[in-house]
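A.B. asks: Could you have a look at this structure, given as structure tokens, before my questions?
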Amino acid sequence: METYRDLPQSTYSLQTTESVRTGTWRTFRPIIDTKKCTRCYTCWKFCPDVSIEVREEGEYPRVDYDHCKGCGICANECPTGAIEMVREDSIC
Ligand code: SF4
Ligand code: SF4
């Protein structure tokens, strides 16, 4: 199985923009279903806002909702369909 290590090199920021909480204007929220997640970390690799956190290899990825802008790239790239984009106004 292809993993994030097999993906091509890409340019990305090493840090989130701490002073700009882009999560406040997000319309859709990515929610990871750990039953479907294979911990391939493709979502981590593709997130343009460094809003997917993996602190230790082997753990499930977590979304930094303070900075995730809800673009949906992670959900689009997830090979197992483990990330669902849910409207913020549908979440209690
Ligand atoms: S959510 Fe999808 S892309 Fe992210 S680690 Fe899990 S399976 Fe891979
Ligand atoms: S929705 Fe966009 S910003 Fe949020 S975690 Fe996914 S790729 Fe990153």
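The values are calculated or read from the model by the stated rules, or taken from the named source; none is laboratory data. Computed from a predicted structure; not experimentally measured. Cβ coordinates were reconstructed from backbone atoms using ideal geometry, including for glycine residues, and neighbour counts include every protein chain displayed. With ligands, DNA and RNA removed, areas are computed over all heavy atoms of the protein, side chains included. Shrake-Rupley method; radii C 1.70, N 1.55, O 1.52, S 1.80 Å.
A.B. asks: Looking at the chain as a GNM with Cα springs under 10 Å, which of THR27, THR42, THR11 has the largest mean-square fluctuation?
C.D. replies: It is THR11.
A.B. asks: Accessible area per residue for the chain in Å², computed with a 1.4 Å probe and the full protein assembly in place, what is it?
C.D. replies: Result: 68 Å² of accessible area for each residue.
A.B. asks: Leaving ligands, DNA and RNA out of it, report the carbon-plus-sulfur percent of the accessible area of the chain at a 1.4 Å probe.
C.D. replies: Solvent-exposed carbon and sulfur of the chain make up 49 percent of the total.
A.B. asks: Using Cα centres only, tell me the gap between segment 20-40 and segment 47-92 in whole Å.
C.D. replies: 2
A.B. asks: Just the isolated ones, please: cysteines in the chain lacking another cysteine beta carbon under 4.7 angstrom.
C.D. replies: CYS37, CYS40, CYS47, CYS68, CYS71, CYS78, CYS92
A.B. asks: Across 10 Å bins from 0, what is the distribution of all Cα-Cα pair distances for the chain, in whole percents?
C.D. replies: P(r) for the chain, in whole percents per bin: 17, 51, 29, 3.
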